[in-house]
Structures are given as structure tokens and as C-alpha cells.
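Asker: Okay, here's the structure, questions in a sec.
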Amino acid sequence: MISLESVELTLGSGAGQVNILRGIDLSVARAERISIVGPSGSGKTSLMMVIAGLERPTGGRVTVNQQDLGRLDEDGLALFRRDNLGIVFQAFHLIPTMTALENVAVPMEFAGRADAFARAATELAAVGLGERLQHYPGQLSGGEQQRVALARAVAMEPRLLLADEPTGNLDSETGQHIIELLFDLAERRSATLMLITHDPALAARCDRSIRIADGRIADMATPRPHMAPAAQ
């Protein structure tokens, strides 16, 4: 599902060039659950941004679902994300002037889905918000807003789910509920899940845990014994 070959990312700053990623090699199978761990500033989010096509690497090759992202222009990358990715961030990134239903439906409308609102209602019901369709983000709790964001991420049935500290703004009980929903939705759709987390218990639930330090892969845990081999 994901192949990174000697991926580097260098960004400019007031102090000069900063090496964010330093030669990352990584292969992730379809339907695999991967946790990305490491200290703040180690390059975890940048790695996810490169995989999502939201940041172009300065070196190396990124292939996702057999598409070489380096060969795509900005419009091509937008279509790639629409057709392949669901992204859940720590910040919910909901549009405050739209209802929960509209927040989930509008991306599908842009994609030309005639059933956008019916599909959105189904996905919101799946995350326990069937009675909150017409509520605006400001009328929802933090956990409810993150569930709207999760429904939006999975509505297009993505092949790859990316989650960057999705429970960072939530209390522990609400965060645990969001994680259960995330794993359940990924499993039901046979989607690959890549999750950035600081929680060792959460990382241990994944098939592999990859530790990033100073822009490099410092350690890669052995897959759990029950994990069946999957095709790339």
C-alpha cells in the first residue's frame, strides 16, 4: 500500500535549511495497522504529510496504492487524496458554519456523489451521531466533533486512513471511544491504518510500531505473530 524509498525532506527556516526527514525507507502492506511513535519534532507528522501528498519530498520516491506521487501535479494529488485517503487530525478542521451532516456530505458532493447526504447520514449514524445531524460544530462536544471528522474521513471508503494524534484534544474516556471507532471502521473496510501516537498502549495494538528519531527510522517492531501476510 505504501512504499517509501530514500525519502528526504528539507525545509528552509530563518536559521537556514532544516533536514526534517533523512532517508526514510518503509513498506506498508494493505490492511496493515501501523503506529508511528517518537519525540516531538522527530518528523512523524512530516512523514505523514509526505505520504498524503500534502508535502513534496526533496529526495526519494513515494508510492501509495501503486501511484508514484512524484509524477502527479497539484490537481492530480488532490484527486489522489480524494480517491484514496481519509485523514483525521488532532484539530477537528470542521467548517463552523456547516452542520455535521454538511461537513461530511460536502466533500462527497464535490466528488460528484449523488448520494452524498444519504451517505453522510449513514456514516454519522455509524459513529453514534444519528441524532446530531443538524447540529453545528459549536453545538457539539470535542468528542462529537472528532466523530464528525472521523465520519468525514471514512465516507469515501478510503484505502488508507491516516490519523495524527486524533485524541490529543480529548479526555481519556472520549479518546478511547474515538480509537475504538477508528480501529473498527478501518477493520470493516479493510483499510490500511497509519496512526501517530504518544500512547504506548495504543501503539501496541497495531501490527507494527515504527519509532522515528531525528528524521530517521530508529526502530521497527516485529509484526505480531497473528498478522497474516498481505500483498503490497
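Asker: Could you order the peptides 71-79, 49-57, 164-172 from most to least packed, using the average number of other C-beta atoms within 10 Å per residue? Don't skip to the end; give the middle numbers.
Answerer: Numbers: 71-79: 11.6, 49-57: 20.2, 164-172: 17.6.
In descending order of packing, they fall as 49-57, 164-172, 71-79.
Asker: Just want the ordering: E8, E187, from fewest to most Cβ atoms lying within 10 Å of their own Cβ. Spell out each step's value before the answer.
Answerer: Numbers: E8 16, E187 12.
The order, fewest Cβ neighbours first, is E187, E8.
Asker: Still on this model: As I understand it, the dipole of the range 129-227 uses +1 on the Cβ of Lys and Arg and -1 on the Cβ of Asp and Glu, about the Cα centre. Which of I212, I179, G142 lies farthest toward its positive end?
Answerer: I212
Asker: State the answer as a single residue: which of I51, I2, A163 lies farthest towards the positive end of the charge dipole of the range 2-220, with beta carbon charges of +1 for Lys and Arg and -1 for Asp and Glu, about the Cα centre.
Answerer: I2
Asker: Where the centre of each part is set by its Cα atoms, how far does the range 116-134 sit from the range 1-79, in angstrom?
Answerer: 32 Å
Asker: Can you tell me the orientation of helix 142-154 relative to the chain, as the angle in degrees between its alpha-carbon axis and the longest Cα principal axis, to the nearest 10?
Answerer: 70 degrees
Asker: Sorted by packing (mean other beta-carbon atoms within 10 Å per residue), highest first, where do 134-144, 191-201 land?
Answerer: 191-201, 134-144
Asker: In degrees, nearest 10, range 0 to 90: what is the angle between the Cα axis of helix 116-126 and the longest Cα principal axis of the chain?
Answerer: Approximately 80 degrees, to the nearest ten.
Asker: Helix 100-110 sits at what angle to the longest principal axis of the chain, using alpha carbons and giving 0 to 90 degrees rounded to 10?
Answerer: 60 degrees
Asker: While we're here: Rg and Dmax in Å for the range 1-129, alpha carbons only: what are they?
Answerer: 17.2, 51
Asker: Per DSSP H run of n ≥ 4, the term is -39500 (n - 2.57); total these for the chain, divide by its residue number, and report the mean residue ellipticity at 222 nm rounded to 500 deg cm²/dmol.
Answerer: It lands at -10000 deg cm²/dmol.
Asker: Tell me the Kirkwood radius of the chain: reciprocal of the mean inverse pair distance over distinct alpha-carbon atoms, in Å. Mind showing how you got there, number by number?
Answerer: Details: mean 1/r = 0.0548 Å⁻¹.
The Cα-based Kirkwood calculation yields 18.3 Å.
Asker: Can you tell me the relative contact order of the range 131-222? Whole percent, Cα pairs under 8 Å, sequence separation 6 or more.
Answerer: That works out to 23 percent.
Asker: Okay, next question. What size of dipole, in debye to the nearest 20, comes out for the chain about its Cα centre when the only charges are +1 on Lys and Arg C-beta atoms and -1 on Asp and Glu C-beta atoms?
Answerer: 380 debye
Asker: If you don't mind, another one. With the contact rule set at Cα under 8 Å and sequence spacing of 6 or more, what percent relative contact order holds for the chain?
Answerer: This gives 29 percent for the chain.
Read the figures in this text as sums done on the coordinates, not as results from a lab. These numbers were taken from a predicted model, which means no experiment stands behind them. Cβ coordinates were reconstructed from backbone atoms using ideal geometry, including for glycine residues, and neighbour counts include every protein chain displayed.
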